[in-house]
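The values are calculated or read from the model by the stated rules, or taken from the named source; none is laboratory data. Keep in mind it's a predicted model, so treat the numbers as computed, not measured. Don't worry about glycine lacking a Cβ; one is built from the backbone with ideal geometry, like all the others, and counts go over all protein chains shown.
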Amino acid sequence: MKRDLKTEILHTAEQMFDEFGCTAVSLRNIADTLGISVGNLTYHYKRKEDLMEAVMQARHTRCKALPPPSTLTELDAFFRAVLERRSRGLLIDCRSCAEAREACRLHLLAVEHLGELLSGALSALENAGLLRPDAARPAAEQALLGMLLMARPAELLEGVPDPEQTRRCLWQLISLLLTTQGQAELDRLP
């Protein structure tokens, strides 16, 4: 059976980026893990940035096929996963990459992806009667997304990420839009 090297490279790069962070992984590391030459890898992906973008695109495509979180419990799990990745430095950050233009393009993919999931989740909660319709929802979505991706103001000032405190802050913001039923469900979350 013929080896699908391009898919193997993409899968291995994604695993390594997740485990070690994008800046800590080189094309040589990926090639060595696969047991191929760097030249063989660069035949498929000319630059590390091309591979990072392909990983982000593949992840975005997979996640678009999944339904967004539709319950408060699922949304809480989503918050925990994103905040955990952010605290480990695994979200792409424009400030940490020397090639800012490439990093910003990748960052925009991540922002778009997380924004779509968050918006879909809030729509699902509204449809379930847990979130009330509100003209302020777009502003709340942007504030939630900012806290998920970057930090709470206290984190920016102190320089110390606190995922649990950020999670509580996210829920405090959402609680402003919850119905009585939604508030009762939120009170049952751990």
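Points worth noting:
- Restricting region 1-36 to residues that are in contact with a helix residue (DSSP H, G or I) (Cβ under 6 Å, 6 or more places away or on another chain) and loosely packed, with under 15 Cβ neighbours inside 10 Å leaves a set whose member that is farthest from THR61 (Cα to Cα) is ARG28.
- Among (1) under 30 Å from ALA184 (Cα atoms); (2) at pLDDT 80 or above - the single one LYS48 does not satisfy: (1)
- In region 102-154, the residues that are part of a helix (DSSP H, G or I), farther than 23 Å from ARG85 by Cβ and either out of contact with any Leu (no Cβ under 9 Å at 6 or more places or on another chain) or at pLDDT below 80 (or both): ASN127, PRO138, ALA139
- Filter result (modelled with pLDDT under 95 and in contact with an Asp or Glu (Cβ under 6 Å, 6 or more places away or on another chain)) within region 51-79: VAL55
- Boolean, LEU186 is within 29 Å of GLU19 (Cβ to Cβ) and either part of a helix (DSSP H, G or I) or at pLDDT below 95 (or both): no
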